[in-house]
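Chemist: Sharing a structure here in structure tokens format.
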Amino acid sequence: VDALDGVKYWLADESWLLIRPSGTEPVLRVYAEGRSPGEVEALLQFGEGLAK
């Protein structure tokens with residue numbers, strides 16, 4: 001877990017999820033990288049749930 005620019009979680013398969021505040025709007029941004037589009041979508045949905 002890295003908290004420099006938000007909160008970034010690294011998973012065992014090297015995918016990651018980042019939740020950070022926007023620099024221009026009063027919202028949280030959720031970013032993810034994974035091995036497949038389905039994995040990225042699942043990570044984004046999980047991250048959005050954490051951000052609520």
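Chemist: How many of the residues in the range 2-52 are without any contact (Cβ under 8 Å) to a residue 24 or more places away in the chain, in a loop (DSSP other than H, G, I, E, B) and touching a Lys or Arg at 6+ places or on another chain (Cβ under 7 Å)?
Modeler: 4
Chemist: For the range 12-31, which positions are surrounded by 13 or more Cβ atoms within 10 Å (Cβ to Cβ) and of a type in the set (A, V, I, L, M)?
Modeler: Result: LEU17, LEU18, ILE19, LEU28, VAL30.
Chemist: Can you confirm whether GLY34 is at pLDDT 95 or above and loosely packed, with under 15 Cβ neighbours inside 10 Å?
Modeler: no
The values are calculated or read from the model by the stated rules, or taken from the named source; none is laboratory data. Predicted, not measured: the structure shown is a model, and the values here were computed from it. As a convention, Cβ positions derive from the backbone with ideal geometry for all residues, glycine included, and neighbour counts pool all protein chains shown.
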